[in-house]
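Visitor: Here it is: the structure, laid out below.
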Amino acid sequence: MLVFAMVAHEFAHAVVAHREGDDTAYMLGRVTLNPLPHIDPWMSIFLPLLLFIGSHGAFTFGGARPVPVNPRKFRNFRRGDILVSAAGVATNFVLAFVWALVYTLLGLAARAVPGGAEVLADAQQMVFYGIWINLLLCFFNLIPIPPLDGSHLLYHALPPRLGLAYRRIARVGYLPLLALLFFFPRVTALLLTPATSLLALLTSWVRPFTVALG
């Protein structure tokens with residue numbers, strides 16, 4: 001569920017960038033749902049592992065290899081940057097509802113085929129993680145801290161001078177984001193309130209279709 005959610009996110013960026021006139025990701029083979037081109041050795045494997053071990057399993061952080069985008073190739077810079085930035089989070093948002101639908105269909109299938117209840121219950125558990133992970137990725141990436149997608153969207157909402165100064169924060173990479181995650185966990189939790197609230201709503205919708213065992 002996690003791998004597919006991250007790959008779908010980056011795939012959406014690549015597809016929309018190509019449609020907006022930037023063929024950079026396309027030429028690098030990133031317009032694909034094959035996970036291998038989207039895996040970054042540091043961000044996808046070593047950093048999450050180091051943080052997980054270092055925090056004794058309490059915290060980890062990572063991501064897929066960011067899709068390279070050249071905004072100068074967009075037919076319309078502002079439109080292209082907004083659409084490409086929104087593509088990943090929109091995909092994760094839609095996927096959360098798709099998995100909620102799959103969860104419901106699995107519950108209905110269990111009623112029709114009681115003998116497969118155990119397997120279908122396991123599948124529902126996996127799908128539930130899919131709902132949560134996609135909501136988390138959606139709203140986490142909307143946090144307006146460079147280089148997350150939310151920073152691009154906020155940039156276009158600011159006056160030009162302020163937007164330019166704001167975008168310079170991206171020069172320090174992930175340091176501001178890591179500082180937020182490590183030192184301000186309550187702020188992070190507050191920013192992710194839409195994800196937890198929507199998860200509660202979707203859970204209430206699909207709960208009647210949960211496969212009961214025993």
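The values are calculated or read from the model by the stated rules, or taken from the named source; none is laboratory data. What you are looking at is a predicted structure, and each value in this text was computed from that prediction instead of being measured. No Cβ is skipped: glycine too gets one built from the backbone with ideal geometry, and neighbour counts run over all protein chains shown. To get the accessible areas, we keep the full protein, side chains included, count just its heavy atoms, and leave off ligands, DNA and RNA. Shrake-Rupley method; radii C 1.70, N 1.55, O 1.52, S 1.80 Å.
Visitor: Run the dipole for the chain about the Cα centre, Lys and Arg Cβ at +1, Asp and Glu Cβ at -1, nothing else charged, and hand back the magnitude in debye, nearest 20.
Guide: Result for the chain is approximately 740 debye, rounded to the nearest 20.
Visitor: For the range 9-62, what is the accessible area per residue in Å² when the probe is 1.4 Å?
Guide: Heavy-atom SASA per residue in the range 9-62 reads 56 Å².
Visitor: Relative contact order, percent, of the range 1-156 when contacts are C-alpha pairs under 8 Å separated by at least 6 residues?
Guide: This gives 27 percent for the range 1-156.
Visitor: Taking Rh as the Kirkwood radius computed over C-alpha pairs, what is the Stokes-Einstein D of the range 49-133 at 20 °C in a medium of viscosity 1.002 mPa s, expressed in µm² per second?
Guide: 131 µm²/s
Visitor: What is the P(r) of the range 110-214, as percent of Cα-Cα pairs per 5 Å bin from 0?
Guide: Distribution as computed: 2, 11, 16, 15, 14, 11, 8, 7, 6, 5, 3, 2, 0 percent.
Visitor: Set the Förster distance to 45 Å, then compute FRET efficiency between ALA165 and LEU33 from the Cβ-Cβ distance, nearest 0.05.
Guide: E(calc), rounded to 0.05, equals 0.75.
Visitor: Rounded if a/c is under 1.5, else prolate if a/b is larger than b/c, else oblate: which is the range 132-186, with a ≥ b ≥ c the root eigenvalues of its Cα gyration tensor?
Guide: Oblate shape, in that a/c is at least 1.5 and b/c is the bigger or equal ratio.
Visitor: Per the helix-only calculation at 222 nm, which mean residue ellipticity applies to the chain, given -39500 (n - 2.57) for every DSSP H run of n ≥ 4 and division by its residues, nearest 500 deg cm²/dmol?
Guide: -20500 deg cm²/dmol
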